[in-house]
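Contents: one structure, followed by commentary.
Each reported figure results from applying straightforward, stated rules to the coordinates on display, with no laboratory input. None of these values were measured; they are calculated from a predicted model. When we count neighbours, we look across all protein chains shown, and the Cβ atoms used for this are built from the backbone with ideal geometry, even at glycine.
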Amino acid sequence: MHLTHPQQVFKFCPKCGSDHFRSKEDNSLQCDACGFRFYYNAASSVAAIILDEQGRLLLTRRAIDPFKGTLDLPGGFVSVDESSEEALAREIEEELGAEVLEYRYIRSYPNRYEYSGLTVFTNDAAFVCTLRDYTVIKPADDVCEVEWFFLQDVKLEDIGIKSIRTMVRDFIEHL
Ligand SMILES: [Zn+2]
């Protein structure tokens, strides 16, 4: 098992501090001292596939780690007590300053990557979106640049996050 896996990283019970915090088989750790059980699950996230009237795909340039400087789709993690649809609208507002007009769910893509010395598990939901106004787009938050690409010009290797790369590849292939 990789050194950054939660079962390797979490050595002490977060409730009582005991070092008898043991890995279980079902994506969890349990404390032998106080009985506390912790499950690590995939975090929900959303990604937006946005085309303009010329059929160009919007890709963002990541301003932050992980994968700083690589291309990405707009989107991010679903917050607690938030729906995926609400997260989609919020992230597009935060990252692009734009309002989602319509959206259509396609499918989801599981992913894992390392952040802060820990393997993070995600489940990334892909939505095709249209925006109310494309002229207002202004990159902000964890996006430093917005670029439009004709689909034949998209270089998949420039997309840093593996699940997003696969998402864009599938979208282009099955369009
Ligand atoms: Zn404990």
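Computed over the chain, the P(r) tail beyond 24 angstrom holds 43 percent of alpha carbon pairs. The distance separating the Cα centre of segment 137-175 from that of segment 1-80 comes to 21 Å.
Full extension of the chain segment joining Arg22 with Ala63 gains 11.1 nm, where the gain is 0.36 nm per residue of separation less the Cα-Cα distance.
Taking the three principal axes of the alpha carbon atoms in segment 111-175, the coordinate ranges are 39, 30, 20 Å, sorted in descending order.
Between amide H atoms placed 1.01 Å from N, distances below 5 Å from Glu82 occur with no residue 5 or more places distant or on a separate chain. The 3J(HN,Hα) values that the Karplus relation (6.51, -1.76, 1.60; θ = phi - 60°) gives for segment 20-32 are, in residue order, 8, 9, 9, 6, 10, 6, 9, 6, 8, 10, 9, 8, 6 Hz. Gly and Pro appear as x. Projecting the Cα atoms of Asn111, Val80, Ala48 onto the dipole axis of segment 43-174, where Lys and Arg carry +1 and Asp and Glu carry -1 at the beta carbon, places Asn111 farthest toward the positive end.
Each label point was placed 7 Å from the Cα along the Cα-to-Cβ direction; for His2 and Thr135 their separation is 4.6 nm. Qualifying trypsin sites (Lys or Arg not before Pro) in segment 1-36, where qualification requires a DSSP coil assignment and no more than 13 other C-beta atoms within 10 Å, comprise Lys11. Using the rule -39500 (n - 2.57) for each DSSP H run of four or more residues, divided by the residues of the chain, the 222 nm mean residue ellipticity is -5000 deg cm²/dmol. For Val143, the residues whose amide H sits under 5 Å from its own are Ala63, ignoring neighbours fewer than 5 places away on the same chain, with H placed 1.01 Å from N.
3J(HN,Hα) couplings calculated from phi for segment 149-161 with the Karplus curve 6.51 cos²θ - 1.76 cosθ + 1.60 (θ = phi - 60°) are, in sequence order, 10, 5, 4, 5, 9, 5, 9, 4, 5, 7, 8, x, 7 Hz; Gly and Pro show x. Sequence-ordered 3J(HN,Hα) estimates for segment 74-85 from the Karplus curve with 6.51, -1.76 and 1.60 and θ = phi - 60° stand at x, x, x, 6, 6, 6, 5, 6, 10, 7, 4, 5 Hz, glycine and proline given as x.
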